Each structure stands twice: as C-alpha cells, then as structure tokens.
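*Asks:* Structure provided below as structure tokens; questions to follow.
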Amino acid sequence: MKPDRILLEKNKLELLKNIMEEIPPELELSNIEFEGPFIVIYVRNREAIEKYLDLAQNIAKKVRKRVVIRVSPENRLPPEEAKELIKLLAPKDAGIDPNGIYFDEALGEVWVKVEKPGYLVGRGSMMRHLILAKTGWRVIPQRSSPLESKTLYEVLNNVLKQSGYRVEYLRRLGERIHRDVIYRNNYVKVTGLGGFREVGRSAILVETRESKILLDLGLNTGTIDDPNKAYPFLEIDSLRLEELDGVVVTHAHLDHVGLVPILYKYGYRGPVYVTKPTRELMIVMLKDLIDVTRRSGRYIPFSERDISTMLLHTITVDYDEVTDVAPDIKLTMYNAGHILGSAIVHLHIGMGLHNIVYTGDFKYSETRLLNKANTVFPRVETLIMEGTYGATLQESRIQAEQQLIDIVKRTSDRNGVVLIPVFAVGRGQEIILILNEAMKNGRIPRMNIYVEGLVNEVTAIHTQYPEYLNKSLREAIYNGENPFTSEWLKPIETGVARPDIIEDKPSIIIATSGMLTGGPAVDYLRLLASDERNSLVFVGYQAEGTLGRKIKDGAREITMVVENKVEAIPIKLEVYSIEGFSGHSDQRELLEYARDVSPRPRKILLNHGEPTALSTLATLLRSDKELKSKGRPEVLVPNILDTINLT
Ligand SMILES: [Zn+2]
C-alpha cells in the first residue's frame, strides 16, 4: 500500500516554495540543498548578502528549520586571499591565530582559531555575516585556549580531510530527514535494549510507524569479557541498521556511548547526534577503551577505524536547539548537569502526537562545574528517568569538599602523598578546582598536584567549551582566567607512573582509572601502598569486582602482575572514600526532579539502576503526595526487551 509518490513530495515542494519566496532576487539564488538537518541556501551575489543580515533567521522562523546561507563555490575568494581578508576584517581584540585558519572547500566553511569567538559570532553574527559577504566563506570559530585539546584538532582534521564525502553524506541524510511522512499520527513505542533494571549498557529504541531512533548505545566495561552481559540487545528483529534514522548519545561515558562504533563496523552510515563537548569526549573515551583493553589482552568488537567513521557521521547539536532527525521526530537537547556536554533528550514526535523526555544520567543540583539539570520542556507526556541512586542519600558537596581538604591536610602534615584515582571525565576536573581554590585560600598548604595525561586532555576540552560550564567558571574563562591551571598544577605527559613523582613530598597525584581497573593510578598505588604516611582517596563509585572496591571494602594485601611476576603488595596507606562527589542525583534529588519537571508527565519509566534502587524509587514516586495531587503519573519499571506503547 504505497500512496502516490508525486503526492508524497508535495510537502517538500511546498517547503522549497516558501523558502524561495523569501529570497531577494538580487542575491541570485543558485541552489537549495538539504544538508543533514540544515537547509542550505546557495547564492551567487556574495556582496549583496551584507544587506540581508536577518535573512537566514527569518526563513528559519517561517519554515521552522535550521537554515544556513552559503556562497556558490565559483563566487568565493581563493582561500589565500580570503585568509588575508579575514585577518584584516576581524577585530584585533578577537585574537585570531593567523596559523589557525582552515578551509573546508566542499562546504564553503572556514574554521578560525580565535581567542574570543564572540567577536566573530556574537551580537547577531554581524562579523560572520560581513566575512561571508566579503570572502564568500562562512566562519566557524574555534576557541583557542592555553590548554589546547588535541582531540579537537584531530576531529577537525579528520572531518576536513574527508569533506567531499561529508557533503555527500549530509545531502543523503538531508533527503532522508525531509522525506514526506507516509503514516501520520501513529504509534510511539519504546524498547529497552539495555540499562533497564541494571546499570552499564544503556540503550533505548524509539519507534514510530515512520522512523526509528536509538537513544544511547552503551557498553558495560565491568563485564566486557561476557558480551551477553556487556552489550545491549542489538540483534532484535525490529532493529535493522538501514532503517535506523539516527543515534542520539546523551553523554560521553562508556555505558552510554561505548558500543556506537560497532554500528559503523556493521555498515550503518547514518548520523550520531551529540553536543560538541560530547563529540570530543567520546573520542577520548573510546580510544582509551581500545588502549586499555588491548593492553590487558581483552577483546573489543571495533577498532579505531570504526571510531573515525563514526566521527565522520557525527552531527553536533547545541542545547535548546530544535533539530529535525526524522520526518516525524524533532530532537532538542538540554543541560543534564552530569558531565561536560551531558544532555537530557527531548523528542517531539508526529506534530504533537507525543513528547518523550529521556534524562540520561543527570544531576539535579549545582556542582563546581555545571548548572543543575533542566526541568522545563515545551511538552512532555513520557519521562524516562535514571534511578542509579534511587535508594541512596548522598552527603552534600560542602561536606564532601571538607572531607577532602581534611584528608589532604592530615597527609601533608605527616609528609605523605595523596593519590586520588578518578574517571577521566567529570570528577577529575572538579577535584582540581577544589584543591586549586583551597590552596589559593590557604585552607591547605601549597604543594604540587600532579595530573595524569588523559585527565589533562579532558580538562582542555572543558576550557574549549565555557558556554557548557556553570556561570562562574564561564565568566572566569571569558575574562581570560583559567580556573583549571595554577603554578602548583603539574601535568604529567606520560601514561605510565613516574617514580620520581612519589619522592616529591607532600604532594597530590590525580590519575585514572577511577576504580583502579587499570591505568597509571594502579601503578602509583603500587609505588605508594606500603608507606602509611600516604593516603588513597576514592571520590567515585567503586563497582563490584574491581580492585578499587576490594580495597575500599578492606583488602589489606593485593596481588599484582609486575613485569610478568605476581607480586603481593601490602596496603598500609590510609584509605578513604568520599561519597558526595557523584554526578548522579541522589534519592532526594530524583524525587524533586520528578516533581519539578514541567509540564507534568503522564508516564514515568525508570531505568539505569539496580532493581532495588528502581523499585524503592518507584514506590516513593507512586506514593508521593505532591505528584498525587497533580495528576499522579503512572510509574513503570520496565525490564530489558519490554516494549511499551506510549500512545
Ligand atoms: Zn554517566
């Protein structure tokens, strides 16, 4: 039963007609292309663009799409000439790096490294507009920062090198996204493929009769040797890769992104939607995963090549920006407060048929790094919410910080070394900020803080995206300060432990991995363990079965393989665990969040939690007075492979 194709293209024709009506003839329209979620208008008369500052914005408003204006290739200045003109036009205070200008010839874009991107794209993008009119190239500013992210430039290089393919891909995707809807207002179903009544391999399939979207595709690194437990249920019949319209990744933790590259290994060539910081952070995390598994002789079902392919198909989305991802689905990401770039996903389905909010991992209180999670959405009928700490109350951050400071003080008084194992993303940066401030204020004596490589790269990514950080950090970075650096912070370049560092006493070492499952933190522990003046401080969750958990639970001798020999190492250093630094909401915050989400959802599905955590939370939500008084949402705790029809 296929309706007439001519009829189907009607909507697209209507759309094009609406756009063309708005374009002044003197611009000399040459082409309109659908490039991914964007509608791109190519014009020949670049000088005339200067007069129409608001054109793209006005068209976007009219057709409710993301609109970009570009100049046809033959009407652009040659790159060398354009480069000189850009340097001339940009205000001196912007701080353009003359060696940081890269041209993407296929797209007609120019990436410009600049100290203050606001000078190029701020205040209605006047400067960007002027540069477009004078050179024919559209400026994409990249913040240059004293801590430069290597990953960002790897990403840019990778994309620039294959820019021709990228354009072809975006146009193919654009056609697909803007295809006409055959079935209007039909069902909306969600199926948990992983991360329901468990933590570690989050994946949700959202289906309408028209399209299919995957929310997260995580990998449980704790059970990596057993694919049955480590990978989500990808093989179910309803998930054929050629039918998949897109993958939306909430944040860069491996239990949410760890298996996305496998899609590309098996031929998927569709988009992954992420925020910009998530794009870089997920590359760091996935490459590190390959490194760590390889070094420990374990199997991982994809390679660097699949990560590159994934990157080539990645589309970035800013917070609060509506993006078409399928003919009947619009995606908007909101701040989740969990780690840099983490997002709460809002899906608007079928012209108002149904609205889903999926929290991913979220923190419903302010942290040193981030604002608390967003609660206000245009509409929401179904809320899919994480419940990791559904049965747990955490200490406040103030208490947690005080504990950390006390431990550092005590250890330095007895001339010891403090070892803090961290996850590369999130807690490491927060600990750096706390210690930095405490030393500045004299709350702890000044001493060297050694920070291991991976954490440094992630910190650099933080300084690249101040607009994703909380207000005080953002303003500090805008004012040219860098709260992540100081004279006593010492980056360590090598990925292995340096014995000379532990001779510097007192001092602090921050290193991965957070649960002592590998990485330099384990090597440093081996060097520090036998001296009772030293301290080991856990600041994150220690999963069952990890070395971190064993030591936290009281193991006072551990065995390690050192240069092919098994060595028994006595644990004599002091061991502490601080619980209040979590990036997840605790029970109180989860309840508060469910009450505060506006408008109120009709259904709440709980995921991302051990069964007891989720059932405890469900009971509390069902009996909550405030929720009861305002319409009492239905609370469900689905199992993996349960499909729930939302309409
Ligand atoms: Zn997470």
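The values are calculated or read from the model by the stated rules, or taken from the named source; none is laboratory data. Here the structure is a predicted model, which is why all the values come from computation and not from measurement. Backbone-built Cβ (ideal geometry, glycine too); neighbour counts: all protein chains shown.
*Asks:* Hey, could you check the stretch 239-255 for residues that are more than 9 Å from the ligand (Cβ to nearest atom) and in a loop (DSSP other than H, G, I, E, B) and say which is farthest from residue 181 (Cα to Cα)?
*Replies:* 249
*Asks:* Taking the stretch 320-354, which residues are within 16 Å of the ligand (Cβ to nearest atom) and either within 23 Å of residue 174 (Cα to Cα) or assigned to a loop (DSSP other than H, G, I, E, B) (or both)?
*Replies:* Those that are within 16 Å of the ligand (Cβ to nearest atom) and either within 23 Å of residue 174 (Cα to Cα) or assigned to a loop (DSSP other than H, G, I, E, B) (or both): 333, 336, 337, 338, 339, 340, 341, 342, 345.
*Asks:* Taking the criterion of being more than 26 Å from residue 163 (Cα to Cα) and either modelled with pLDDT of 95 or more or of a type in the set (Val, Ile, Thr) (or both), would at least one residue in the stretch 63-70 satisfy it?
*Replies:* Residues of the stretch 63-70 that are more than 26 Å from residue 163 (Cα to Cα), as a first pass: 63-64.
Still in the running and either modelled with pLDDT of 95 or more or of a type in the set (Val, Ile, Thr) (or both): 63.
Yes: the stretch 63-70 contains one or more residues that are more than 26 Å from residue 163 (Cα to Cα) and either modelled with pLDDT of 95 or more or of a type in the set (Val, Ile, Thr) (or both).
*Asks:* Additional query: Checking residue 393 against (1) within 30 Å of residue 574 (Cα to Cα); (2) in contact with a Ser or Thr (Cβ under 9 Å, 6 or more places away or on another chain); (3) more than 16 Å from the ligand (Cβ to nearest atom), which single condition isn't satisfied?
*Replies:* (2) is the only condition that residue 393 fails.
*Asks:* Further, regarding this structure: Can you list residue pairs whose Cβ atoms sit under 8 Å apart, with the first residue in the stretch 572-583 being under 24 Å from residue 366 (Cα atoms) and of a type outside the set (Gly, Ala, Ser) and the second being outside any loop (DSSP other than H, G, I, E, B) and within 16 Å of the ligand (Cβ to nearest atom)? Count only pairs 6 or more apart in sequence or on different chains.
*Replies:* Every condition considered, the pairs that remain are 581/427; 581/430.
*Asks:* Within the stretch 340-349, can one find any residue that is at positive phi and in contact with a strand residue (DSSP E or B) (Cβ under 8 Å, 6 or more places away or on another chain)? Steps first, please.
*Replies:* Of the residues in the stretch 340-349, the ones at positive phi are 341.
From the residues that got through so far, the ones that are in contact with a strand residue (DSSP E or B) (Cβ under 8 Å, 6 or more places away or on another chain) too are 341.
Yes, that holds for at least one residue.
*Asks:* Could you tell me whether residue 481 is on the phi < 0 side of the Ramachandran plot, in a loop (DSSP other than H, G, I, E, B), loosely packed, with under 14 Cβ neighbours inside 10 Å and without any contact (Cβ under 8 Å) to a residue 60 or more places away in the chain? Walk me through it before giving the result.
*Replies:* Working: on the phi < 0 side of the Ramachandran plot: yes; in a loop (DSSP other than H, G, I, E, B): yes; loosely packed, with under 14 Cβ neighbours inside 10 Å: yes; without any contact (Cβ under 8 Å) to a residue 60 or more places away in the chain: yes.
Judged against the criteria, residue 481 is a match.
*Asks:* For the stretch 611-630, what are the residues that are touching a residue at least 12 places away in the same chain (Cβ under 8 Å) and either of a type in the set (D, E, K, R) or over 15 Å from residue 588 (Cβ atoms) (or both)?
*Replies:* Start the filter on the stretch 611-630 by keeping residues that are touching a residue at least 12 places away in the same chain (Cβ under 8 Å), which leaves 611-618, 620-622, 624, 626-627, 630.
Across the stretch 611-630, the qualifying residues are 611, 612, 614, 615, 618, 622, 624, 626, 630.
*Asks:* Moving on. Within the bounds of the stretch 336-359, is there any residue that is under 27 Å from residue 422 (Cβ atoms), surrounded by fewer than 21 Cβ atoms within 10 Å (Cβ to Cβ), touching a residue at least 24 places away in the same chain (Cβ under 8 Å) and not aliphatic (A, V, I, L, M)?
*Replies:* The answer is no, given that none of the residues of the stretch 336-359 is under 27 Å from residue 422 (Cβ atoms), surrounded by fewer than 21 Cβ atoms within 10 Å (Cβ to Cβ), touching a residue at least 24 places away in the same chain (Cβ under 8 Å) and not aliphatic (A, V, I, L, M).
*Asks:* Now for a different question. State all residues of the stretch 456-476 that are within 17 Å of residue 277 (Cα to Cα) and without any contact (Cβ under 8 Å) to a residue 60 or more places away in the chain; if no residue qualifies, say none.
*Replies:* Hits for the stretch 456-476 are 467, 474.
*Asks:* I would also like to ask the following. Spot the failing condition for residue 518; the list is (1) on the phi < 0 side of the Ramachandran plot; (2) surrounded by 17 or more Cβ atoms within 10 Å (Cβ to Cβ); (3) of a type outside the set (A, V, I, L, M, F, W, C); (4) in contact with a helix residue (DSSP H, G or I) (Cβ under 7 Å, 6 or more places away or on another chain), and only one is missed.
*Replies:* Against the list (1) on the phi < 0 side of the Ramachandran plot; (2) surrounded by 17 or more Cβ atoms within 10 Å (Cβ to Cβ); (3) of a type outside the set (A, V, I, L, M, F, W, C); (4) in contact with a helix residue (DSSP H, G or I) (Cβ under 7 Å, 6 or more places away or on another chain), residue 518 comes up short only on (1).
*Asks:* In this structure, is residue 438 out of contact with any Gly (no Cβ under 7 Å at 6 or more places or on another chain), more than 25 Å from residue 213 (Cβ to Cβ), of a type in the set (Gly, Ala, Ser) and surrounded by fewer than 21 Cβ atoms within 10 Å (Cβ to Cβ)? First the steps, then the outcome.
*Replies:* Working: out of contact with any Gly (no Cβ under 7 Å at 6 or more places or on another chain): yes; more than 25 Å from residue 213 (Cβ to Cβ): yes; of a type in the set (Gly, Ala, Ser): yes; surrounded by fewer than 21 Cβ atoms within 10 Å (Cβ to Cβ): yes.
So residue 438 fits the description; yes.
*Asks:* For residue 379, which of the numbered conditions (1) within 16 Å of the ligand (Cβ to nearest atom); (2) surrounded by fewer than 19 Cβ atoms within 10 Å (Cβ to Cβ) fails to hold?
*Replies:* Unmet condition: (1).
*Asks:* Could you grab me the full set of residues in the stretch 506-554 that are in contact with a Lys or Arg (Cβ under 9 Å, 6 or more places away or on another chain), of a type in the set (A, V, I, L, M, F, W, C) and without any contact (Cβ under 8 Å) to a residue 60 or more places away in the chain?
*Replies:* Across the stretch 506-554, the qualifying residue is only 529.
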